[in-house]
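A short worksheet on the structure shown next.
The values are calculated or read from the model by the stated rules, or taken from the named source; none is laboratory data. What you are looking at is a predicted structure, and each value in this text was computed from that prediction instead of being measured. Here the Cβ is made from the backbone with ideal geometry for all residues, glycine too, and neighbour counts use every protein chain on show. Side chains are part of the model used for accessible areas, which takes the heavy atoms of the whole protein and leaves out ligands, DNA and RNA. Shrake-Rupley method; radii C 1.70, N 1.55, O 1.52, S 1.80 Å.
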Amino acid sequence: MTENGEDSPLHQSCEVAGKGDSVVSDSRRLAPSSEDAKSCKEHKDVLKFTAKNTEGEIGPYQPRPPSLPRLSKSSKSSSVEETVRTRWLRNSQESLSDPAETGSSTDSLKDNQTAPGGLVLSAAATTGNDQDSKVRPRSAVTTGSPVFRDRGSSLSDYERRPPSQQSDPTDHRMRSAKVRLTPVQPTGPLPALEKSFASATLRAANRIDRDCLDYAMLAREKLGERLHRNLSDSRLLENMGSDSASVNSMRSTYSVLSPIRPQDVRNRSFLEGSLLGSGALLGAEELDRYFPDRRVGLYIATWNMQGEKGLPANLDDLLLPTDSEFAQDFYIIGVQEGCPDRREWETRLQETLGPYYVMLYAASHGVLYLTVFVRRDLIWFCSEVEHATVTTRIISQIKTKGAVGVALTFFGTSFLFITSHFTSGDAKVYERILDYNKIVEALALPKGLPDTNPYRSTPSDVTTRFDQVFWFGDFNFRLSKDRVDVETIMNRTVNGDMGPLLEHDQLSKEMNDGSIFKGFQEAPIHFLPTYKFDIGYDIYDTTSKQRTPSYTDRILFRNRQADDIKVIKYTSCSGIKTSDHRPVIGVFQVKLRPGRDNIPLGAGQFDRGLYLEGIRRRITRELKRREAMKNHSSSTICTIS
């Protein structure tokens, strides 16, 4: 053996590797032979050679070359080389099939691959048997390779530690280690992750119908997303990171109703004497559950039908305009000079509103009709409903002029709805004021309903006995101007500014003087006069009378507490043209308060017969529409022979 080790088996192995032969280091150190006559000095030289290569070239923490076995006397002969190769092959096969290996055989085979540049790598195979070898095997690489001189990001977690936290290098070299390749880095930026791991298709499939939403969804956002037990809110399910199975399970278990615990059923009191109680049907807890912002939506419509027998083919434009995002909780419709068949009118209203609403009450006074619809799941919070009528024409047997009022309490807030028809005529302002005074004095309401604030009530004015009052109808107040001047002003209006017209409005003048509708307000008007049109056309009166266009149809409101009523919309319905009047609609949000035990509950009463008839008509109408579409599609198909 020379000084540089050219004749050693290690040098011969390196030469073979350089020529492209697949050489792998021995995974186990060969045990010394009993026939070995090598001197201790030669053995120490071999160890020094190994240490030199370890410390000088490869580094203390790099893969090491295999330990050299002790050489026999005939170390220069080729038989030793064959013996080493035979033992290595047998040991490698045993290592691959050894069940004590931590890695799989596939991983071991993958590790025994040639690295770029002809570098030969070796898998670290350990048997865990300390009796076979005193020293654990080490993976071997050929020295001088640039791939392993600068390992950079491929260092293990142990090698990245500071020297103070690392153990003895000798112990680390004794560990079994596989070659760690440099991790692949992305060439570009990674795609942004979505907020929810559920896909868009899954979220759409799990969404509950919007018909089951809570009533004040927008208000809940303002209150910091107050979360209660109502599982019907589809936004709750969308924000939950759940799959379709869990959502379907929630539906099947709780449906779309709030779960009720047996203890709640035992302890719940449906009436209470104090507003501070909990668990009552009309109490604050139940009110906040349905109306987190304590405001209910009201849709009010007034229309002079001119006594026409023929009703519009579709009332969707009147009750369900397309520019409204949500339907309201209450629908109150007042009609003057209504059609002869009042029941048909009410049935048409039920057919239009559909199964989500029930007719809470209906009252009439001659051809004055007043109908109240409510969402069917809110009917339990309504009190008994009362009504009263007043006629302003004592001599006439036909009750065409007068008023009809309906009173009810919802939770702890009392409501009064009045629809009326005042005396007609351009110059009869004083007569209309008399009609108003007679109505507020003679309308006998409330009857059995408690006054929620008796200290602010006046016996001579019915409108002071309720928290929220809405008075609407055909008041017949006109514009005190010639038709030519009125049309000239209308042609000059820009962006719905009706201020120049309202300067000549009789009702606005009398209200400002305090002679009528004391304490009432009206939303700003941004629509054209609703009277008088040619039937079926958007043209004002072309008859010989040439009546002046006027704002005869109005909606006014009054409240006991300031800002209890918020106006959402106030406009006219130009799509209904079967009368010389255009309907006027208003949408309001009204403040609610908890109720007490002195409120007589209505117990969910409604007109069941009307409800069933309206649903039957909706079904019949839908079947006819589908049949018409089917016939139309089949008639347009042609074949070419």
- Report the local net charge at Y361: Lys and Arg +1, Asp and Glu -1, summed over other residues whose C-beta lies under 13 Å from its C-beta. -4
- Item | Accessible area per residue, Å², the stretch 488-577 with all protein chains present, probe 1.4 Å | 50 Å²
- Note on the structure: With the charge dipole of the stretch 393-501 built from beta-carbon charges (+1 for Lys and Arg, -1 for Asp and Glu) about the Cα centre, the Cα from G448, V462, M490 projecting farthest to the positive end belongs to G448
- R625-W380 FRET efficiency (beta carbon distance; Förster radius 22 Å; 0.05 resolution): 0.05
- Item | Computed label-point distance, nm, for sites T322 and S424 using a 7 Å Cα→Cβ extension | 3.3 nm
- Query: When ranked by the protection proxy of mean other Cβ atoms within 10 Å per residue, highest first, what sequence do the peptides 373-385, 413-425 form?
  - Reply: 413-425, 373-385
- Distance violations [Cα-Cα > 30 Å] among K481/K566; K447/K569; K428/K591; K401/K569: K481/K566; K447/K569; K428/K591
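Can you tell me the dipole magnitude for the stretch 294-395 around its Cα centre, using point charges on the Cβ only (Lys, Arg +1; Asp, Glu -1), in Debye to the nearest 20? Write out the running numbers ahead of the final one.
Numbers: 9 positive and 14 negative charges, 55 e Å.
Result for the stretch 294-395 is approximately 260 debye, rounded to the nearest 20.
If you roll a 1.4 Å probe over the stretch 319-476 with all protein chains in place, what percent of the accessible area is carbon or sulfur?
52 percent
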